[in-house]
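Structure first, then comments.
FYI, it's all coordinate maths here, none of it is from the lab. The shown structure was predicted, so the numbers you read here are calculated from the model rather than taken from an experiment. Neighbour counts run over all protein chains shown; Cβ positions are idealised from the backbone, glycine included.
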Amino acid sequence: MFEQGVRPPEMARRLRVSRRSAYAWHAAWREGGSPALASKGAGGLPCRLDDVQAERLQAELEAGPASYVWSGDQRWTLARVAELIHRLPGHRYTPRGVSHLLHRLGWSPQVPALRAVERDAQGCGGRSSGHG
């Protein structure tokens, strides 16, 4: 777009990004041309698990929470997976880090199919409507 004469404010509008980003890109383009705009890859820290550790984590996740102390319900939570990672290779992960790691391993969040029995369908805190 810059090669076609598109100015940063117009680029920001077209790409739905901030003007600040468009101006930064423009400056990088002026300095180093199109190669300067190439992606540098994902940000953040590299994964702390090696391939063997990641494969072991996959196997443990597939075995389910009951194979550990979490027999009450059969769902992996981010906190449970963080604890599992700490138990296996000894690394500490935040819930957000666990979420990114699970996504990288091909796991996705699941929403329970059933609603809680205690759910108040009328949204009135369990009180009657006063009619009756």
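What the pair-distance distribution of the range 51-104 shows, using all Cα-Cα distances binned every 10 Å from zero, is 25, 62, 13, 0 percent. Quote the FRET efficiency, to the nearest 0.05, computed for Leu37 versus Gln74 with a Förster distance R0 of 41 Å and r equal to the Cβ-Cβ distance. So, using R0 = 41 Å, E works out to roughly 0.30. From the Kirkwood radius over Cα pairs of the range 1-109, Stokes-Einstein at 10 °C and 1.306 mPa s returns a whole-number translational diffusion coefficient of 92 µm²/s.
Of the GluC sites (Glu not before Pro) in the range 1-50, the ones in a loop by DSSP (not H, G, I, E or B) with at most 14 other beta carbons within 10 Å are Glu3.
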